[in-house]
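Worksheet for the structure shown next.
The values are calculated or read from the model by the stated rules, or taken from the named source; none is laboratory data. Just so it is clear, the structure is predicted and the values come from calculations on it, not from any experiment. Here the Cβ is made from the backbone with ideal geometry for all residues, glycine too, and neighbour counts use every protein chain on show. The accessibility values were calculated without ligands, DNA or RNA, using every heavy atom of the protein model including side chains. Shrake-Rupley method; radii C 1.70, N 1.55, O 1.52, S 1.80 Å.
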Amino acid sequence: MINEINKLVISLPSRPERKEAFLKNNLMGYFNWIEGEVDKEPYKGIARAHLKAIRYAKDRNWDKVLIMEDDVEYPAKDKTLPYIEQCMAALPEDWDIVLGGAYFLKGYDKVNAHWKRVGEFCALHWYIVNARVYDKILAYNYTDHIDLWMGKQGMKIYLPNKLWAIQTDGYSDNVKKKTDYNSSYLTKFEVLR
């Protein structure tokens, strides 16, 4: 199933080394690039890039889209795709957004052996969007970080019980410093390894 989904990767033109690293570690097959954006208010640049990706999918009438950031990584390497397929087979039919990973959750309900339904969350490094919520997301109003905002819109958002996607630690153009989100935040989650 995952190979049948159209895919987009957000990448900053000023960071070719991240593009190269993504290409070296890509497990998801063919994709198109979306140019990332940097803003003095980082959450706005991030939001514009993700909205650009949603608009790209909507303009092409894709029924769903997998959006990744160029710093996504898969700790389980070869175990990742089989695990994703196993999880997708158990995904509730009412899904609007599927996350591959997260760094913060505010409230969740365990749905089955593979999924939890979440409310507010942080992380858009790997996610699938169902076309039925494209317009809802495109109505984003910049009052909050786009991921936190999505979690407050009543969409049905699912996160795997074992995260398969994390972000590579390193320099962030958005926060203008080296980040270490994995050791800071992932201790609260089970990661597929």
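Tabulated values for the structure
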read-out	value
Filtered residues of region 144-193 (kept if at pLDDT 95 or above and hydroxyl-bearing (Ser, Thr, Tyr))	Tyr158
Residue ID - nearest to Cys122 (Cα to Cα), chosen from residues in region 38-91 that are acidic (Asp, Glu) and under 16 Å from the mean Cα position of the chain (by Cα)	Glu69
In region 103-114, the residues that are part of a strand (DSSP E or B) and in contact with a helix residue (DSSP H, G or I) (Cβ under 7 Å, 6 or more places away or on another chain)	Phe104
Subset of region 67-109 (residues that are among the charged types (D, E, K, R) and out of contact with any His (no Cβ under 6 Å at 6 or more places or on another chain))	Asp70, Asp71, Glu73, Lys77, Asp78, Lys79, Glu85, Glu93, Asp94, Asp96, Lys106, Asp109
Residue satisfying all of: in region 69-78; among the charged types (D, E, K, R) and open to solvent by 20 Å² or more (accessible area, probe 1.4 Å); farthest from Gly45 (Cα to Cα) among these	Asp78
Qualifying position, being assigned to a helix (DSSP H, G or I) and crowded, with 16+ Cβ neighbours inside 10 Å, among Leu66, Leu124, Leu81	Leu81
Yes/no for Asp39 being in a helix (DSSP H, G or I) and surrounded by fewer than 16 Cβ atoms within 10 Å (Cβ to Cβ)	no
Subset of region 6-35 [in a loop (DSSP other than H, G, I, E, B), more than 16 Å from Arg55 (Cα to Cα) and either open to solvent by 50 Å² or more (accessible area, probe 1.4 Å) or in contact with a Lys or Arg (Cβ under 9 Å, 6 or more places away or on another chain) (or both)]	Leu12, Pro13, Ser14, Leu27, Met28, Gly29, Tyr30
